[in-house]
Amino acid sequence: SSLEAVTTPWNIGYVQVSSFSGSDSNNQVAFAESIQDPIETQDNQDITGWIVDLRNNTGGNMWPMLADIGPILGEGVGGYFIGPDNTQTPWSFSDGGAIIGSTTLVQVFDNYELVNPHPKVAVLLNRAVTSSGEAIAISFIGRENTRSFGTESCGLSTSNSGFSLNGGYALFLTTAYLADRNQNIFGIPITPDTPTTEDTIIQDAINYLNN
């Protein structure tokens, strides 16, 4: 189900991160660039905050999502996969690259950099945010000047899928839990910082960003 059009004040940017399925590398890069484009289009020196709308993101392949939202998320580790023996594999964003450990899985070649880096961010959640959508939500947990709004997510914040690597290799992470950048483990629903109804979620986010 599509979301209603969102109107924001002149000083607030808005980007919707939808789910993505598939592993074709060209498609992944095109998807990532399709979300970076509206970031670049809206961005200017007056933009002081961003709404990152994850509502109805049912998951799929997290790497193009991570690459596309990276300019707003910022550089560095976004979270961790915590494996059965407490093995910790970070995921991160750097210069247009979505990275697991030290392996870049999706690379946006013309990575956009915000005019005002490190902006305030409001992340929008609902019950339909699942799996890889939750991984993106988790990436924002622990980021400075960030709050989440809405209802708790689905709670499938675990990983048990394969990731194709260059050269025909595949990496399989089974039953890993997702953890935020401070290594707080999920696998449970993500509870928003500010619970809010669909009726007020946009205004609540705007109020936060403007205060």
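The values are calculated or read from the model by the stated rules, or taken from the named source; none is laboratory data. Nothing here was measured: the structure is a model prediction, and the numbers come from that model. Note: ideal-geometry Cβ built from the backbone for every residue, glycine included; neighbour counts use all protein chains shown. Only protein heavy atoms, including side chains, enter the accessible area calculation; ligands, DNA and RNA are left aside. Shrake-Rupley method; radii C 1.70, N 1.55, O 1.52, S 1.80 Å.
The residues of the stretch 101-149 that are aromatic (Phe, Trp, Tyr) and under 15 Å from the mean Cα position of the chain (by Cα), listed by number, are PHE140, PHE149. Scanning the stretch 178-197 for residues that are farther than 12 Å from ILE82 by Cα, in contact with a strand residue (DSSP E or B) (Cβ under 8 Å, 6 or more places away or on another chain) and open to solvent by 80 Å² or more (accessible area, probe 1.4 Å) yields ASP193, PRO195. Criterion applied to SER157, SER148, SER139 was being modelled with pLDDT under 90 and among the small types (Gly, Ala, Ser), and the one residue passing it is SER157. If I filter the stretch 82-100 down to residues being over 15 Å from the mean Cα position of the chain (by Cα) and either of a type in the set (Ser, Thr, Tyr) or under 24 Å from THR146 (Cα atoms) (or both), which single residue comes out as modelled with the highest pLDDT? In this case the residue turns out to be ASP95. Of all residues in the stretch 13-33, those that are of a type outside the set (D, E, K, R) and either more than 14 Å from GLN107 (Cβ to Cβ) or assigned to a loop (DSSP other than H, G, I, E, B) (or both) total 11.
Which pairs have Cβ atoms under 6 Å, sit 6 or more apart or on different chains, and link a residue in the stretch 185-211 that is in a loop (DSSP other than H, G, I, E, B) to one that is among the polar types (S, T, N, Q) and crowded, with 19+ Cβ neighbours inside 10 Å? Pairs found: PHE186/SER157; GLY187/SER157; GLY187/THR158; PRO189/SER153; ILE190/SER153; PRO192/SER148; ASP193/SER148.
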